[in-house]
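A.B. asks: Once you've had a glance at the structure underneath, I'll fire off some questions.
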Amino acid sequence: MRPVIVAANWKMNTTPADAGELAAMIASRTREPDVVRVICPPFVCLAAVRDALAGEDVAVGAQNIHHELYGAYTGEVSAPMLAGLATWAIVGHSERRRDAAETDELIGRKVGRAIDAALRPILCVGEQLAERDAGRAIEVVARQLEGALGGRDPEGLVDGGLVIAYEPVWAIGTGRNARGIDAAEMAAAIRSTVARLGWGDAAAEGLPVLYGGSVTSANMGEFLEEPSIDGALVGGASLKPDEMAGIVGRAGMTARARRAGTEMR
Ligand code: PEP
């Protein structure tokens, strides 16, 4: 059975002076044993968040990693540098595709680097509004997955705990979320794409797919009502403990219901 996951992307917010307190507050208000919780603060806050979360079952993630291991890449951070600081890493976020011109090929290399460094990758994919309006959303996301994951050993990706976050670009930070039904359609398309990439049906069925894009405590339920959606990557709302309490609480309901459903079968 796939886990229910809520990952917080704090983006370029918080400082080492205040991140620990926020992380501790969120951890204490989201204690749902059936939900996998991850907090991804800025690099400079990783140590503070790690320390604040000692004794809590909340993982720490990075928001990005470099595609090389070391060298002349001023201002960058490589996957092995995160040892002891993080156990997850977001790769291919649309804000990095936009601002750092990251390509699918480069993002695929980051996925490989994350796994080699025992960081669980959350690979973000998603279409622009014009692409959805043109009926090309599924084709665009399939191309992103093929570009990033094609040719990579499926077993390594599965063992490395790869998670996909479907994040329609037009829904990120806009307050305009996708419909649950569209996210579910995309999750099915994502799994059939990786099945085609050599994963096979069983491994593809086990791939966790999150939704991201203006998720709040008010709309989280719409996504989790879809059996193909396994949780959320949350941006803006993840800085608000009240919102996170609602989002993770809703995820806990779903996790318990799904487990009970499996047990009954
Ligand atoms: C994100 O940063 O991945 C995100 C989905 O942001 P928001 O929830 O603010 O739309």
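A.B. asks: Kindly identify the range 1-137 as rounded, prolate or oblate by the Cα gyration tensor criterion: order the square roots of the eigenvalues as a ≥ b ≥ c, call it rounded if a/c is under 1.5, otherwise compare a/b with b/c, prolate if a/b is larger, else oblate.
C.D. replies: oblate
A.B. asks: Can you send over the carbon and sulfur percentage of the accessible area for the chain, probe radius 1.4 Å, protein chains only?
C.D. replies: Answer for the chain is 53 percent, counting heavy atoms of protein chains only.
A.B. asks: With the calculation restricted to Cα positions, what are the radius of gyration and Dmax of the range 4-264 in angstrom?
C.D. replies: 17.1, 56
A.B. asks: Shifting gears a bit: Taking every pair of Cα atoms in the range 69-113, average 1/r, invert it to obtain the Kirkwood radius, and report Rg/Rh to two decimals.
C.D. replies: With Rh from the inverse mean 1/r over Cα pairs, Rg/Rh is 0.95.
A.B. asks: Still on this structure, I have one more. What list of ³J(HN,Hα) couplings, whole Hz, do you get for the range 140-156 from phi and the Karplus terms 6.51, -1.76, 1.60, once you set θ to phi - 60° and write x for glycine and proline?
C.D. replies: Whole-Hz 3J(HN,Hα) from phi for the range 140-156: 5, 5, 4, 5, 4, 5, 4, x, 8, 10, x, x, 8, 4, x, 4, x.
A.B. asks: Here's another thing I want to ask about it. Determine ³J(HN,Hα), in whole Hz, for all residues of the range 23-39 in sequence, where each value follows from phi through the Karplus function 6.51 cos²θ - 1.76 cosθ + 1.60 and θ = phi - 60°; x replaces Gly and Pro.
C.D. replies: 4, 5, 5, 5, 4, 6, 9, 10, 6, 10, x, 8, 10, 7, 10, 9, 10
A.B. asks: Hey, quick one: spin label on residue 128, modelled 7 Å out along Cα-Cβ, who in the range 82-97 has an amide N within reach, i.e. under 16 Å?
C.D. replies: Only 94-97 pass the distance filter.
A.B. asks: Using amide H atoms built 1.01 Å from N in the peptide plane, name the residues 5+ places from residue 90, or on other chains, whose amide H lies under 5 Å from its own.
C.D. replies: 62, 63, 64, 122
A.B. asks: Using Cα springs under 10 Å in a Gaussian network model of the chain, which residue among 206, 160, 252 shows the largest mean-square fluctuation?
C.D. replies: 206
A.B. asks: I would also like to ask the following. What accessible area per residue, rounded to a whole number of Å², is obtained for the chain using a probe radius of 1.4 Å?
C.D. replies: 43
A.B. asks: Could you give me the radius of gyration and the Dmax of the range 36-101, taking only the C-alpha atoms into account and expressing both in angstrom?
C.D. replies: 12.5, 38
A.B. asks: Once you've got the GNM for the chain with C-alpha springs shorter than 10 Å, pick whichever of 177, 13, 64 has the biggest mean-square fluctuation.
C.D. replies: 13
A.B. asks: Under 8 Å for C-alpha pairs, at least 6 residues apart: give me the relative contact order for the chain, rounded to a whole percent.
C.D. replies: Reported relative contact order: 22 percent.
A.B. asks: Given the convex hull of the Cα atoms of the range 185-265, what is a quarter of its surface area in nm²?
C.D. replies: 5.8
A.B. asks: With label points built 7 Å along Cα→Cβ from the Cα atoms of residue 139 and residue 216, find their separation and express it in nm.
C.D. replies: Taking the two extended label points, one gets 3.4 nm.
A.B. asks: Which percentage, to the nearest 5, of the DSSP beta bridges contained in the range 44-188 is antiparallel?
C.D. replies: Percentage antiparallel, nearest 5: 0.
A.B. asks: I'd like the distance separating the alpha-carbon centroids of the range 191-261 and the range 15-79, in whole Å.
C.D. replies: Result: 20 Å between the Cα centres.
The values are calculated or read from the model by the stated rules, or taken from the named source; none is laboratory data. Small disclaimer: the values here were computed from a predicted structure and weren't measured. Quick reminder, even Gly has a Cβ in these numbers, built from the backbone with ideal geometry, and neighbours come from all protein chains shown. We work out accessible area using only protein heavy atoms, side chains counted, and drop any ligands, DNA or RNA first. Shrake-Rupley method; radii C 1.70, N 1.55, O 1.52, S 1.80 Å.
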